[in-house]
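Beneath this line is the structure, given in structure tokens, with notes to follow.
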Amino acid sequence: MTAPHWIDAQQLRRRIPPSRARELLREALRAGFDPAGDPARTSTPAGDGEILLMPSHIGSAAGVKVVGVAPGNAQRGLPRIQGWYVLMDGETLTPTTLLDGQALTSLRTPAVSAVGLEVLAPEVVETALIIGSGPQALGHAEALLALREVGRFVVAGRDAERAAACARQIEALGTPAHGVRADYPRDARDLETVARQAQVIMCTTSSGEPVIASEWVADGTCVVAVGSHSPARRELDAALMGRSLVVVEDVDAALREAGDVVLAIDDGALTRADLRTLSDVANGRVQRPTDRPSVIKTVGMSWEDLVIAAAAR
């Protein structure tokens with residue numbers, strides 16, 4: 001068997017820039033792909049975290065992402081998410097391409113958020129708040145800048161130096177940015193001040209408890225939460241979920257894995273019937289509300305990786 005072609009992180013970004021990744025996902029949804037048919041992610045506890053398997057099959061392409069998620073890796077100087085994507089021929093299942101799984105995840109996750117942000121973010125974004133200072137923070141800044149002019153970014157994190165470093169990376173994209181320390185939820189005074197001013201708030205943390213309070217979020221604000229795929233963890237409180245338009249990738253996937261959704265339902269603030277999907281957004285069935293916030297809650301699905309990987313080969 002011929003060895004699969006290798007696509008590293010730099011090659012992937014050259015072939016599929018962030019705006020193209022968003023377009024690919026939006027086009028798949030507009031073409032009628034139904035994420036409800038995507039296989040569920042499987043998780044196996046291992047080491048300092050879990051091993052995830054994410055298979056999918058769409059048309060002439062099939063593939064599986066194999067990644068390890070180890071929350072303690074930051075203290076080791078290692079990425080939290082590492083792994084590979086194996087792209088296969090959709091009929092013969094012959095492996096054709098091997099991709100950097102961390103780079104694919106870093107590209108895919110903001111692109112999914114951007115499908116929602118394209119419609120739900122206000123046209124005028126004077127302040128965008130990013131909570132968290134890892135790779136997803138920078139990726140989400142890039143995703144928003146491809147869609148809107150932003151007056152300034154504020155990066156909030158528990159580690160002031162990391163928040164400042166992330167802000168400098170965002171400034172290199174051509175938009176003012178600065179970092180603030182926010183030891184949420186214990187000491188979040190600076191975070192609250194910025195959140196009340198923000199038109200877009202993007203939560204990219206590994207926190208298991210809410211990092212912002214509902215009363216900080218103005219009507220019309222768009223909130224993105226991507227930090228967790230565990231039903232027991234959430235970045236947003238039930239009150240915010242209950243008063244917002246809540247958009248998810250797929251309802252069943254959200255009920256399995258989106259703690260922000262699951263726990264809000266458990267708390268009686270939200271129901272399954274309240275949920276809308278990214279397909280609704282991409283196909284014009286959902287418009288941006290101005291009388292309440294919008295929440296885009298994603299967990300990451302296998303089809304999203306496959307769509308981007310297949311376009312990169």
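Points to keep in mind about this one:
- Within segment 4-42, being part of a loop (DSSP other than H, G, I, E, B) and without any contact (Cβ under 8 Å) to a residue 60 or more places away in the chain holds for Pro17, Ala31, Gly32.
- The residues in segment 161-210 that are under 16 Å from Val125 (Cβ atoms), small (Gly, Ala, Ser) and assigned to a strand (DSSP E or B) can be counted, and the count is 1.
- Qualifying residues in segment 1-25 (those that are charged (D, E, K, R) and open to solvent by less than 70 Å² (accessible area, probe 1.4 Å)) - the one nearest to Ala141 (Cα to Cα): Arg22
- Scanning segment 214-233 for residues that are within 29 Å of Ala70 (Cα to Cα), modelled with pLDDT of 95 or more and open to solvent by less than 20 Å² (accessible area, probe 1.4 Å) returns Val223, Val224, Ala225.
- Residue in segment 156-189 that is modelled with the lowest pLDDT, counting only those that are open to solvent by less than 80 Å² (accessible area, probe 1.4 Å) and within 17 Å of Leu236 (Cα to Cα): Pro185
- Answer residue from segment 26-59, given it is open to solvent by 40 Å² or more (accessible area, probe 1.4 Å) and touching an Asp or Glu at 6+ places or on another chain (Cβ under 7 Å) and is farthest from Thr205 (Cα to Cα) among those: Ala36
- Test: Pro45 is closer than 15 Å to Leu306 by Cβ and either small (Gly, Ala, Ser) or not in a helix (DSSP H, G or I) (or both): no
Residue-by-condition table, conditions (1) under 30 Å from Gln11 (Cβ atoms); (2) in contact with a Pro (Cβ under 7 Å, 6 or more places away or on another chain):
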residue	(1), (2)
Thr105	yes, no
Glu126	no, no
Pro135	yes, no
Arg152	no, yes
Asp159	no, no
Cys166	yes, no
Ile170	yes, no
Gly179	no, no
Ser214	no, no
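- Filtered by the rule that a residue be open to solvent by 50 Å² or more (accessible area, probe 1.4 Å) and either assigned to a strand (DSSP E or B) or of a type in the set (Gly, Ala, Ser) (or both), segment 276-293 gives a lone residue, Arg276.
- Test: Ala103 is among the small types (Gly, Ala, Ser), buried (at least 18 other Cβ atoms within 10 Å of the Cβ), farther than 16 Å from Met202 by Cβ and within 18 Å of the chain's Cα centre (by Cα): yes
- Every test in (1) among the hydrophobic types (A, V, I, L, M, F, W, C); (2) buried (at least 21 other Cβ atoms within 10 Å of the Cβ); (3) in contact with a Leu (Cβ under 8 Å, 6 or more places away or on another chain) is passed by Ala311 save one, and that test is (2).
The values are calculated or read from the model by the stated rules, or taken from the named source; none is laboratory data. Small disclaimer: the values here were computed from a predicted structure and weren't measured. Heads up, the Cβs are rebuilt from the backbone with ideal geometry, glycines too, and the neighbour counts pull from every protein chain shown. Note: accessible area is taken over every heavy atom of the protein model, side chains too, but ligands, DNA and RNA are not part of it. Shrake-Rupley method; radii C 1.70, N 1.55, O 1.52, S 1.80 Å.
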